[in-house]
């Protein structure tokens, strides 16, 4: 049990160290991190939903990379969050039309399903990426805060689940997750989330209550997606620790909610 926990924490710590290095640099270095990691995650997502289809994954990854580049360019011009979101929505509408026409030519009857999967993929992975770029532009610690909260919660939930877990939380989706691990991990994360620097006090209070369960939902939702399609991991990129999508599943749900908390309680523009 202790060895398994140590391995999970070590992988998380190594990824966190790489994340921190590129986050510290900011600007285009952080854009590169977001683009590469979420590009890999989008590729994995589409390989799960559309096995055997050659074109959708590379086309979608290229489109998402260009969208992130456009957003980063706007941030260097000090664009507001409203303009960033407007650009993202307009970009999605353009891509929606392009995808549908392209898949009509290549796959005909499957064009609606393929377009739907890609559209949700950009919402699921692209929106958090765009918001992460905006949050980093507002400040280093502002971005580190939700990442650290998720890292602490995941580690504590795993620890308490292995130590005291008795009652499965979602046995059909993730048999090893327990109510004890989730609840004790949540409660243990609250004082850490309140004590971490980087966010306004009101945002920290709301984050301490809201972000751990939101992160857990993100984790379970990605597990459900894999189970539905007969997959254990999104890929073998990190060996037994899964793929890129497995590593960011919690952050994908946390980042949009943290952005909303900043807008509602932190005065973010």
When the helix-only estimate is applied to the chain (DSSP H runs of n ≥ 4, each -39,500 (n - 2.57), divided by the residue count), what is the mean residue ellipticity at 222 nm, nearest 500 deg cm²/dmol? -27000 deg cm²/dmol
If the label point sits 7 Å along Cα→Cβ of residue 228, residues of segment 29-47 with amide N under 17 Å come out as 42-47
Measuring from label point to label point, each 7 Å out along Cα→Cβ, what is the residue 76 to residue 13 span in nm? 3.7
Go through (i) 18.6; (ii) 13.9; (iii) 22.2 and flag the label whose value is the computed mean projected area of the Cα convex hull in nm² for this structure. (ii)
Most exposed first by the Cβ proxy, i.e. fewest other Cβ within 10 Å, how do 241, 229 rank? 229, 241
Between segment 179-200 and segment 23-51, the alpha-carbon center distance in angstrom: 27
Fewest Cβ neighbours within 10 Å first, please rank 176, 226 accordingly. 176, 226
Taking 23, 71, 130 and counting other beta carbon atoms within 10 angstrom, the fewest-first order is 23, 71, 130
Using a/c under 1.5 as the rounded threshold, could you call segment 72-209 rounded, prolate or oblate? The axes a ≥ b ≥ c are square roots of the C-alpha gyration tensor eigenvalues, and prolate needs a/b larger than b/c, oblate otherwise. oblate
Point-to-point label distance, residue 138-residue 96, nm (Cα→Cβ direction, 7 Å offset): 2.7
For residue 260 and residue 86 in the same chain, what is the full-extension length gain: residue separation times 0.36 nm, less their Cα-Cα distance, in nm? 61.1 nm
Backbone N under 15 Å from the residue 164 label point (7 Å along Cα→Cβ), restricted to segment 188-223: 188-191
Computed lengthening from residue 123 to residue 176, 0.36 nm per intervening residue step minus Cα-Cα distance: 16.2 nm
Expected sort for 163-171, 38-46, 98-106, 56-64 on mean C-beta neighbours within 10 Å, highest first, is 38-46, 56-64, 98-106, 163-171
State, to one decimal in nm, how far the label point of residue 108 lies from the label point of residue 21, with both points 7 Å from Cα in the Cβ direction. 5.0
Whole-number percent relative contact order across the chain, with pairs defined as alpha carbons under 8 Å at least 6 apart: 20
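None of the figures in this text is laboratory data; all of them are computed from the coordinates on show. Note that this is a predicted model, so its numbers are computed, not measured. A quick note on method: Cβ atoms are made from the backbone with ideal geometry, for glycine too, and the neighbour counts reach across all protein chains shown.
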